[in-house]
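The structure follows.
The values are calculated or read from the model by the stated rules, or taken from the named source; none is laboratory data. Here the structure is a predicted model, which means the values were calculated and not measured. In this analysis, Cβ positions are derived from the backbone assuming ideal geometry, glycine residues included, and neighbour counts consider all displayed protein chains.
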Amino acid sequence: MTSKQKVEELQNNIDSMQGEFSSFMLLLNGLTKNNPTTHADDYDLEPYPLDPLPCMDDVNDEELQKMEEARQAYVAAVAATKEKQDEESLAAAASARFHVLLNVSCSKLSDLSLKHSAQAH
């Protein structure tokens, strides 16, 4: 290949790259246009009202201890599942999670029954 052919090849490469660069810049300019009204309807501007957190004052120390033990057992089961990656440890983690949810649900149910009995008296 002669030097003249190399120059022509390099010039063609430069022209091609400049075209690609121009196309890329047009794309970026189109994507970065600041037009706030274009997609304003896609966003909900009203804050979503969250339910208040349940009162933890009604949870006694024994229930809290059971919840903490269930949580620790779940964390240990998940760690074992990550390490072993077998069906048995996965089942143990699912069971531990069920116990966490059961303890939380029982705590909420006892809160509801306490509130209901307080309202009845």
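Can you tell me how many residues within region 77-91 are surrounded by 12 or more Cβ atoms within 10 Å (Cβ to Cβ) and more than 22 Å from the chain's Cα centre (by Cα)? First the steps, then the outcome.
First, pick out the residues of region 77-91 that are surrounded by 12 or more Cβ atoms within 10 Å (Cβ to Cβ): 77-81, 84, 89-91.
Still in the list and also more than 22 Å from the chain's Cα centre (by Cα): 80, 84, 89, 91.
Of the residues in region 77-91, 4 are surrounded by 12 or more Cβ atoms within 10 Å (Cβ to Cβ) and more than 22 Å from the chain's Cα centre (by Cα).
Looking at (1) modelled with pLDDT of 85 or more; (2) out of contact with any helix residue (DSSP H, G or I) (no Cβ under 7 Å at 6 or more places or on another chain), which is the one condition that is false for Asn35?
(1)
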